[in-house]
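Scroll down for the structure; my scribbles are underneath it.
The values are calculated or read from the model by the stated rules, or taken from the named source; none is laboratory data. Source: prediction; values computed, not measured. Backbone-built Cβ (ideal geometry, glycine too); neighbour counts: all protein chains shown.
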Amino acid sequence: MTDTDIQQSLATAHHRMEMALVSAGRDPQGARLLAVSKTKPACMLREAWQHGQREFGENYVQEALGKQAELADLEGIIWHFIGPLQSNKSRDVAEHFDWVHSVDRIRLARRLNSQRPDSLAPLNVCIQVNVSGEGSKSGIALDALIPLAEQVLALPRLRLRGLMAIPAPAETLDAQRQPLAALHSAFIKLKKRFPDAPLDTLSMGMSSDLEAAIIEGSTLVRLGTAIFGARDNYSGASQ
Ligand SMILES: *Cc1c(COP(=O)(O)O)cnc(C)c1O
């Protein structure tokens, strides 16, 4: 993709988001765009940054650390870790990211909490929930959410900001909305149960279900293909 393509696809993505927000009767600024840059080279992130994009989502620790080093001169960049996180990689994430969307077990949360450097602000986290049942491997079951949230909220170096899900792909808008609606209602329950917690983030919606996610209350959409084009088979991406 050329520089102009990235500028154009960012503009198109913002337009899609605004249209969806307005037609859902929501604040047109009610959702932010997270640019998912896994497998994409640092130069493409730099271009997106030059066109105003600040938040980037990465899935692979080693790949992300390399890009962070290359892009250390960019001001205001915010790094989100959104992939499955093995415990033995948690220190790198605690030290080099601003957000983690894929917290799905207390052991991982405790490690991140103890490894988060005191010199940095608390690590923002979302709990990843499995809203599609058997079909998907990542995320905790809905009925385990409240106990996990309670434990995460007790960790001083983490800030529990909300929930994340990756629903199984579905063809129609209605089919896409079902699991997203389940996550939305879990989020509402969570906020009722913990009214003093800083819960403001519903991380859902990807390139193919952005509209459904916005109807269901997403505050942070994670777009990869729609911004950077189809992913390459990037061998360096494995960890
Ligand atoms: C890759 C990825 C995305 C982006 O998916 P696209 O379909 O390319 O928009 C979003 N969220 C997570 C967790 C991902 O791994």
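Okay, here's what the table says:
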{"quantity": "Given (1) within 14 Å of the ligand (Cβ to nearest atom); (2) touching a strand residue (DSSP E or B) at 6+ places or on another chain (Cβ under 8 Å), index of the condition ALA226 fails", "calculated": "(2)"}
{"quantity": "When residues of the stretch 171-185 are limited to those that are within 16 Å of LEU142 (Cβ to Cβ) and surrounded by 14 or more Cβ atoms within 10 Å (Cβ to Cβ), the one farthest from the chain's Cα centre (by Cα)", "calculated": "GLN178"}
{"quantity": "Single match in ALA213, ALA149 (criterion: at pLDDT 95 or above and touching a Phe, Trp or Tyr at 6+ places or on another chain (Cβ under 7 Å))", "calculated": "ALA149"}
{"quantity": "Candidate set from the stretch 126-175 (those that are in contact with a strand residue (DSSP E or B) (Cβ under 9 Å, 6 or more places away or on another chain) and basic (Lys, Arg)); member that is nearest to ARG107 (Cα to Cα)", "calculated": "ARG157"}
{"quantity": "Enumeration of residues in the stretch 9-40 that are more than 16 Å from the ligand (Cβ to nearest atom) and part of a loop (DSSP other than H, G, I, E, B)", "calculated": "ALA24, GLY25, ARG26, ASP27, PRO28, GLN29, GLY30"}
{"quantity": "Matching entry among ASP104, ASP118, ASP143, ASP98 (being among the acidic types (Asp, Glu) and more than 27 Å from GLU216 (Cα to Cα))", "calculated": "ASP118"}
{"quantity": "Spans of strands (runs of 3 or more DSSP E) in the stretch 44-145 with at least 1 residues crowded, with 18+ Cβ neighbours inside 10 Å and away from the ligand (no atom under 16 Å from the Cβ)", "calculated": "123-128"}
{"quantity": "Test: ARG177 is farther than 21 Å from HIS80 by Cα, out of contact with any Phe, Trp or Tyr (no Cβ under 7 Å at 6 or more places or on another chain) and more than 13 Å from the ligand (Cβ to nearest atom)", "calculated": "yes"}
{"quantity": "Tabulated pairs, the stretch 41-58, first among the hydroxyl-bearing types (Ser, Thr, Tyr), second away from the ligand (no atom under 14 Å from the Cβ), C-beta under 7 angstrom, 6+ apart or interchain", "calculated": "none"}
{"quantity": "Number of the condition not met by PHE194 [criteria: (1) under 29 Å from ALA154 (Cβ atoms); (2) surrounded by 19 or more Cβ atoms within 10 Å (Cβ to Cβ); (3) away from the ligand (no atom under 16 Å from the Cβ)]", "calculated": "(2)"}
{"quantity": "Test result for GLN50, under 22 Å from ASP73 (Cβ atoms), of a type outside the set (D, E, K, R) and more than 20 Å from the chain's Cα centre (by Cα)", "calculated": "yes"}
{"quantity": "The stretch 194-221 residues that are hydroxyl-bearing (Ser, Thr, Tyr), paired with ones that are at pLDDT below 95 and surrounded by fewer than 24 Cβ atoms within 10 Å (Cβ to Cβ) (beta carbon under 8 Å, 6 or more apart)", "calculated": "SER208/PRO169"}
{"quantity": "Tally of residues being of a type outside the set (A, V, I, L, M, F, W, C) and crowded, with 21+ Cβ neighbours inside 10 Å across the stretch 22-43", "calculated": "2"}
{"quantity": "Those residues of the stretch 146-165 which are buried (at least 23 other Cβ atoms within 10 Å of the Cβ) and in a loop (DSSP other than H, G, I, E, B), in sequence order", "calculated": "ALA165"}
